[in-house]
Amino acid sequence: MSVLGPVRGGTGAPWADPSAAGVPGPSDQVDYVSGRSRVFGIVGDPIAQVRSPEMITHELRARGRDAVLVPLHVTPECFDDVLPALMRVRNLDGLVFTIPYKSRACALASELGANARAVGALNALARRGDGAWVGEMFDGLGCVEAFRRRGLSFAGRRVQLLGAGGAGSAIAVAIAHERPRELRVFDTDPARAPALVERVRAAVPGIDASAGPARVRGVDFLINATPAGMLGDPSLPVDPAGLAASSVVFDAVVKPEVTPLLAHAAALGCVTFGGREMMRGQIARIVDFFEAAAG
């Protein structure tokens, strides 16, 4: 099943925006949620830090949907009881999962997409018209979408990925499906990078993927999926000396928007961008996924 689908419209659709009729409501009502609204949730522990309620609700509304995404704080000891019951709510069309549930949520899916199967984790579940729940991982797809929006393709490119943890794993699998010329993976944990390379090769047979020391010379795209540079950390995930001005440098860190790696790379003349663009791409792909599942 493709995660992409056409954007549906029309006031007869279950997601149609009632405000499109132009009928104002009483002064004691809001115009963005009603008894007809379709509901989505984001599940995590903790949950107060997430931005998905604002961003996904905005994306849904921008597409003319009468829908809202709400935060759901579920503790680990309640997860197995709460989630199966929650998924029986009739007007709940999808769920997003954040820390610490991306792997655990796989057990809730009737079907897993290619990225979720390869990574062993998901961050979105969508209810199909037949009632089945399909899961997919969008961390890596958000990275690919960010590059696409910049007019950049991974096909035939030499890619150096830094970090083989959760985010790095998702990014590696998504990039591999784009058929780069070469994908090299580095992680400070000597066991993680080779293990990720094996998963990538299993997911995309014939891919030129390898694990080894980080290198910046001769790479087209340098991607950081480590926490280096996050929230004021001055460290660099790799020495950028030797980067060619033609290289593109991407950092998955969201805050700060300009990490030490991006600052150094920009000074060398490289095209640079960061995690906020990945987040925007991820939100768009998740909403595409929800729409495709709804039919």
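What does the helix-only formula give at 222 nm for the chain: each DSSP H stretch with n ≥ 4 adding -39500 (n - 2.57), the total divided by the residues, and the result rounded to the nearest 500 deg cm²/dmol?
Helix-only estimate at 222 nm: -9000 deg cm²/dmol.
What nm value, rounded to one decimal, do you get for the distance between HIS73 and ALA107 when each label is placed 7 Å out toward the C-beta?
2.4
All other residues with a Cβ under 11 Å from the Cβ of VAL258 taken together, and with Lys, Arg as +1 and Asp, Glu as -1, what is their net charge?
Computed value for this residue: 0.
Summing +1 for each Lys or Arg and -1 for each Asp or Glu, what net charge is found among the other residues whose Cβ lies under 14 Å from the Cβ of ARG158?
+2
Against the longest principal axis of the chain, how steep is helix 139-149, in degrees 0 to 90 to the nearest 10, with axes from Cα atoms?
So the inclination is approximately 80 degrees.
Would you mind working out the magnitude of the charge dipole of the chain relative to its Cα centre, with +1 at each Lys and Arg C-beta and -1 at each Asp and Glu C-beta, to the nearest 20 Debye?
Using only the charged Cβ atoms, the result is roughly 660 debye.
Whole number please: convex hull volume per residue of the Cα set in the chain, in Å³?
Once divided by residue count, the hull of the chain is 152 Å³.
From zero up to wherever the largest Cα-Cα distance of segment 116-245 sits, split into 10 Å bins and tell me the percent of pairs in each.
13, 41, 33, 10, 3, 0
Dividing the convex hull volume of the alpha carbon atoms of segment 118-181 by its residue count, what do you get in Å³ per residue?
Taking only Cα atoms, segment 118-181 has a hull volume of 99 Å³ per residue.
Under 5 Å between amide H atoms, partner at least 5 residues away or on a different chain: which partners does VAL253 have, H built in plane at 1.01 Å?
Close amide H contacts, sequence-distant or interchain: GLY275.
About the Cα centre of segment 35-180, how large is the charge dipole given +1 on each Lys and Arg Cβ and -1 on each Asp and Glu Cβ? Please answer in debye to the nearest 20.
Value, rounded to 20: 620 debye.
Remind me, relative contact order of the chain in percent, using alpha carbon pairs under 8 angstrom and six or more residues apart?
Reported relative contact order: 17 percent.
Quick one: which residues, 5 or more positions from ASN123 or on another chain, have an amide H under 5 Å from its amide H? H modelled 1.01 Å from N in the peptide plane, none for Pro or chain starts.
Counting only residues 5 or more places away or on other chains, the set is GLU136, MET137, PHE138.
Dipole of segment 44-140 (Lys/Arg Cβ +1, Asp/Glu Cβ -1, origin at the Cα centre): which of ILE47, PHE79, ALA124 lies farthest to the positive side?
Of the candidates, ALA124 comes out farthest on the positive side.
Bear in mind that the values in this text are calculations on the coordinates, not laboratory data. Quick caveat, the model's predicted, so the values are computed rather than measured. Neighbour counts are summed over all protein chains in view; Cβ atoms, including those assigned to glycine, are modelled from backbone coordinates with ideal geometry.
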